[in-house]
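Presented below is the structure to which this report refers.
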Amino acid sequence: MTSDLEQVVAWLLGHPEEVRVVLLTGAGDAFCAGDDVKELRSLSLDTARNLSLRQAEMYLAFEQLPQPVIALVHGDAFGAGCVAAYSADMRLASHAARFAMPEVRLGWPPGYGLAQLTALVGKSRALEMCLMGEPISAAQALQWGLVSEVVSTGMLLKRGHQIAQKLLKMPAQALRATKRLIHLDEGSQPKVAYRADTEAYLRCLERSDAQEGMLAFAEKRPPKFSDK
């Protein structure tokens, strides 16, 4: 999926006139449940590092796209799926949507995306999401500023198309310039911090707690972490 998204992002970068607005949504019951934890157990550290950096750069590239990206979130948006949602320019959610950064419950910190999350919800709420690892509801995400609107599941795609149609009526050059300037004003930190995220994630991935977290996930039981 990472490879597919990279190809789509690269294509969109070069086709600002053919495609002017992007809607991002999930194909199943969830928006995106995140990385495959069972697959992660089989990856070498070098492979895990490369994948994490690729994903970080891909989601940061959402900011560079000339098109506004609207995430339509139904069901769960967990871990990398949550990053995918909040890397979009706008986020709509169904009432049943849930958002979570549950990595700490598996034994490691998020490998990327912390700067984008903090910019949206603030340091205190970003800490709560990432330290507790618990899901928040669509209503709470709306209150925190993680999403801009909550609608029924049946209305989600329709509402996304309504907003897209409004954006298509805007002057294209002015729209692209506005998006670029808003992201530009965030400063350079969100563009470089992801490398520290990835290295911290990999250091923890080597530890016994991460191995216990993945094993417990596969065995569908609570993990037994060390106290050191």
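Structure summary
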| quantity | calculated |
| --- | --- |
| Residues being in contact (Cβ under 8 Å) with a residue 12 or more places away in the chain, in a helix (DSSP H, G or I) and exposed (fewer than 14 other Cβ atoms within 10 Å of the Cβ) - total across the stretch 142-154 | 1 |
| Scope the stretch 81-104; condition in contact with a helix residue (DSSP H, G or I) (Cβ under 7 Å, 6 or more places away or on another chain) and not in a strand (DSSP E or B); matching residues | 83, 84, 86, 87, 88, 89, 95, 96, 97, 101, 104 |
| Enumeration of residues in the stretch 162-188 that are touching a residue at least 60 places away in the same chain (Cβ under 8 Å) and over 15 Å from residue 67 (Cβ atoms) | 186 |
| Conditions (1) more than 16 Å from residue 78 (Cβ to Cβ); (2) of a type in the set (S, T, N, Q); (3) out of contact with any Ser or Thr (no Cβ under 8 Å at 6 or more places or on another chain): number failed by residue 140 | (1) |
| Leading residue by the ranking (nearest to residue 85 (Cα to Cα)) among those in the stretch 122-137 that are touching an Asp or Glu at 6+ places or on another chain (Cβ under 9 Å) and crowded, with 19+ Cβ neighbours inside 10 Å | 136 |
| Within the stretch 89-141, tally of residues that are in contact with a Pro (Cβ under 6 Å, 6 or more places away or on another chain) and on the phi > 0 side of the Ramachandran plot | 1 |
| Residue, nearest to residue 132 (Cα to Cα), within the stretch 82-93, restricted to residues that are of a type outside the set (A, V, I, L, M) and crowded, with 22+ Cβ neighbours inside 10 Å | 82 |
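The numbers here are math on the coordinates, done by the rules we state, and not lab data. Worth saying up front: this structure is predicted, and the values here are computed from it rather than measured. Note that we place each Cβ from the backbone using ideal geometry, even for glycine, and neighbour counts take in every protein chain shown.
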